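Asks: First the structure, then my questions, so here it is.
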Amino acid sequence: MRKAKWAAAAAGVVMLVAGCGSEGGADQGKGADAPKSASSAAASAPAADKGSGGSLDAAAVKKEIDTAATGAGYAQKATEDVPPNLRSCMVSWVADTKKVTDSKKSYDDTVAALTKGGWKEARSIDQQGTVVKSLDKSGWTVKASHAGKSGALLVVQFVATDNGPTCAKAFQEDLAKNKQ
């Protein structure tokens, strides 16, 4: 079960990094300079950590997300950890939405704190109760998502991936290893 979950997550990351998961949304308020896909954002972003040699590593990215999210009122939900072979390439932070009064406000405040900290919004999709924002910094991309509504199924998560070639290879290898 655990391998299947991570295989699905890795597949999603590969699709997002490749730009396949970004169709159908609206680039809200973005000019001609905005990247058209996650792959073009990755190509234009500076390098990062082991994956590509930049100023951020997974620990720094996790700290930035944790600081922004907890400062906005979220507590981190205990979840399965990222597989050891992907820990330098991926950060997964899931909010415990039951411990916050206004989840949408906390989400917006978290994204605002990240952008104030230098993360640049590349894409924004807002459809049928789901908001996904793509934020880039130093070769990393955070997919910040708020899906559902309180009282029903509500999931708020921040998944960061290193866009460098070493991490792209690690994601593809993990996906191939866990393919069933």
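The values are calculated or read from the model by the stated rules, or taken from the named source; none is laboratory data. Just so it is clear, the structure is predicted and the values come from calculations on it, not from any experiment. Note that we place each Cβ from the backbone using ideal geometry, even for glycine, and neighbour counts take in every protein chain shown. The area values use the complete protein model at the heavy-atom level, side chains included, leaving out ligands, DNA and RNA. Shrake-Rupley method; radii C 1.70, N 1.55, O 1.52, S 1.80 Å.
Asks: Being surrounded by fewer than 13 Cβ atoms within 10 Å (Cβ to Cβ) and aliphatic (A, V, I, L, M) is true for just one of Leu153, Leu175, Leu135, Leu86. Which residue is that?
Replies: Being surrounded by fewer than 13 Cβ atoms within 10 Å (Cβ to Cβ) and aliphatic (A, V, I, L, M) holds for just one of Leu153, Leu175, Leu135, Leu86, which is Leu153.
Asks: Got a sec? Which strands (runs of 3 or more DSSP E) wholly within the range 103-180 have at least 3 residues that are in contact with a helix residue (DSSP H, G or I) (Cβ under 9 Å, 6 or more places away or on another chain) and within 22 Å of Val82 (Cβ to Cβ)?
Replies: Result: 130-137, 140-148, 154-162.
Asks: Take the conditions in a loop (DSSP other than H, G, I, E, B), in contact (Cβ under 8 Å) with a residue 24 or more places away in the chain and touching a strand residue (DSSP E or B) at 6+ places or on another chain (Cβ under 7 Å) and apply them to Leu56. Does it pass?
Replies: Working: in a loop (DSSP other than H, G, I, E, B): yes; in contact (Cβ under 8 Å) with a residue 24 or more places away in the chain: yes; touching a strand residue (DSSP E or B) at 6+ places or on another chain (Cβ under 7 Å): yes.
Yes: the conditions hold for Leu56.
Asks: Go through the range 162-172 and report how many residues are out of contact with any Phe, Trp or Tyr (no Cβ under 6 Å at 6 or more places or on another chain) and open to solvent by less than 10 Å² (accessible area, probe 1.4 Å).
Replies: Going through the range 162-172 one residue at a time, the tally reaches 3.
Asks: Also, quick follow-up: Starting from the range 126-151, take each residue that is free of Cβ contacts under 8 Å to residues at least 12 places away in the same chain and list its partners that are surrounded by 14 or more Cβ atoms within 10 Å (Cβ to Cβ) and among the β-branched types (Val, Ile, Thr), counting only C-beta distances under 6 angstrom and pairs at least six apart or across chains.
Replies: No pair meets every condition.
Asks: Also: Output the number of the condition that Ala112 fails; it satisfies all remaining conditions of (1) at pLDDT 95 or above; (2) open to solvent by 60 Å² or more (accessible area, probe 1.4 Å).
Replies: Checking Ala112 against (1) at pLDDT 95 or above; (2) open to solvent by 60 Å² or more (accessible area, probe 1.4 Å), the one that fails is (2).
Asks: Sticking with this structure for a sec: Pairs please, first residue from the range 61-80 and closer than 10 Å to Val94 by Cα, second anywhere and open to solvent by less than 40 Å² (accessible area, probe 1.4 Å) and assigned to a helix (DSSP H, G or I), Cβ atoms under 7 Å, 6+ apart in sequence or on different chains.
Replies: Ala69/Thr110; Tyr74/Ser106; Tyr74/Thr110
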